[in-house]
1. Once both axes come from the Cα atoms, what is the angle between helix 474-486 and the longest principal axis of the chain, in degrees from 0 to 90, rounded to 10?
2. For q values of 0.13, 0.25, 0.26 Å⁻¹, compute log₁₀ I(q)/I(0) with the Debye formula on a Cα-only model of region 57-120, without solvent.
3. Nearest 10 degrees is fine. How inclined is helix 349-368 to the longest principal axis of the chain, computing both from alpha carbons?
4. Subtracting the Cα-Cα distance from 0.36 nm times the residue separation, let me have the gained length for V349 to Q472 in nm, one decimal.
5. Ignoring solvent entirely, what values of log10 I(q)/I(0) come out of the Debye formula for region 399-495 at 0.19, 0.20 Å⁻¹ when each Cα is a single scatterer?
6. Summarise the accessible area of the chain (1.4 Å probe, protein heavy atoms) by the percent that is carbon and sulfur.
7. Taking 8 Å as the Cα distance limit and 6 or more residues as the minimum spacing, I'd like the relative contact order of the chain as a percentage.
8. Helix 318-327 versus the longest principal axis of the chain: what angle, 0 to 90°, nearest 10, using Cα atoms?
Amino acid sequence: MKIYNTLTGLKEEFQPLDQNKVRMFVCGPTVYDYIHVGNARTFVFFDVVGRYLEFKGFELNYVQNITDIDDKIITRAHTEGKKPEGIALEYKTAFIDDMGTLKVVAVNNYALASEHIAEIITQIKTLIDKGYAYTAPAIKATGPDAVEAEGNNDVYFELARYNKDFPDQYGKLSGQITDELKEGSRVDIEANKLSPRDFVLWKAQNYSYEPVNESSWGLGRPGWHIEDTAISEKYLGQQYDIHGGGQDLMFPHHEAEIAQQQALSGKVPFVKYWMHTGFLTARPASTKASAGEADKMSKSLNNFSTLREVMARLPRHPAETLRLYFLSAHYRSPLAFSAEGRFASGGDVLINQASVAIDRIADFLARLAKASGEENPTIDEILKSRADKFTASMDDDFNAPAAIASVFELIRALNPLIAKNALSAGQAETIKTFFQTTVERILGIVPEPKEQSIPPEILELAEQREQHRLDQDWTKADTIRARIESSGYTIADTPYGPLISAR
């Protein structure tokens, strides 16, 4: 089993630090709004990573943080005249509900930043004691809600000191040069820093409506980066196996995490394998730009669709459809999303294709349940070859698109035999078991079988036509299409095979 490691730029053999136990951390959401579908892609992929590790027999400890103390939460609460704690609770609850609806099951622990203040303060104190962090008097705020700054201090991580003791470490993950600051990367430039490159560990209270905690440096709240290392050290230790998140988190967030924890422990590397998902690229459905010209979906660009909005547009099997859509491109590649249109009437082509594919699985399982023929000696080899391809694909850096392709190859190979009733009920049960204990257990894309209303003779014609298409015998394929349509049915050709429906 191999994993592409962002830290080294290589596909490496996976070997956990502690024999058969895998410790994994994935950056979770900041809960000031409903998550968008770009967030959901990352969470579904790492759910599949966790599912597959357990399928392979590893003992998994998968922790995901939830940022419930943050400027964005405070700003929204103040704008709406609410308490930040109320906003955070509302959207944290919605996030957990959304993950359940999306069949995300691999996470062992959703850890709230607000419940780990003691661990955060301990880490900051240790960094100060070791000389990697410093306090700075808070900059006096202005306005009617400003509080007296005297006695409250910000705390910053001193990057120059870290670079002296750990040369060539900061920037290694992202390739970002330490003298540069990437625009839009949540790098705060404050007047009380020793250097613009230093990042905040603790923010002093500025306004009366901010949630605060007591510390040796006065009233304030933790910075964004320190919560992750405090939480991960508590549950996973000072070094662990896998850290995941979106590509946009590599700099400065993940670089800051590495610097913090390596300065704290003196152990290198902080994490053995770093994994990052590609962007969901968003543009209006009418735009003709290529995916490379599209924008990353984000709330800051206001080009996002929430997961709840998208799922509400899907009339059948929304969880399975979206999971297959997210997994249809390799996790490190961008995935296009059209923000306009209802999917059933031409909106996002890829989501429409995923919906058709899930219908095809449901249709196949319904037909499979009616198998009652004689034992067929070819079935075992057909199943084994596709099952082996499925696991080989997942072993190769979690190549879900190739694994999914093997599932539809299996469906294509078996459908003609089902149409001829050329497999036994026992063999059908074995195939069903593969779908439940392998495909569903790992990918979470298997729907409930749907009621089968297409006559067997029409299904057999469709499979004959599909074979003619594969052989590029278009004349025979068109002749069979005409027979199917004259019988009152339509046939749609999809990347996942033909889908038949009554007119």
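The values are calculated or read from the model by the stated rules, or taken from the named source; none is laboratory data. Every value quoted in this text rests on a predicted model; they were computed, and no experiment measured them. For neighbour counting, all protein chains shown are included, and Cβ atoms are generated from backbone atoms with ideal geometry for every residue, glycine included. Side chains included, ligands, DNA and RNA excluded: accessible areas come from the protein's heavy atoms. Shrake-Rupley method; radii C 1.70, N 1.55, O 1.52, S 1.80 Å.
1. 80 degrees
2. -0.44, -1.09, -1.13
3. 50 degrees
4. On the way: separation 123, 0.36 × 123 = 44.28 nm, distance 2.48 nm.
Extra length from V349 to Q472 when fully extended: 41.8 nm.
5. Normalising to I(0) and taking log10 leaves -1.08, -1.16.
6. Details: 10480 of 21360 Å².
Here carbon and sulfur together make up 49 percent of the probe-accessible area.
7. Across the chain, relative contact order equals 15 percent.
8. Helix 318-327 sits roughly 80 degrees off the main axis of the chain.
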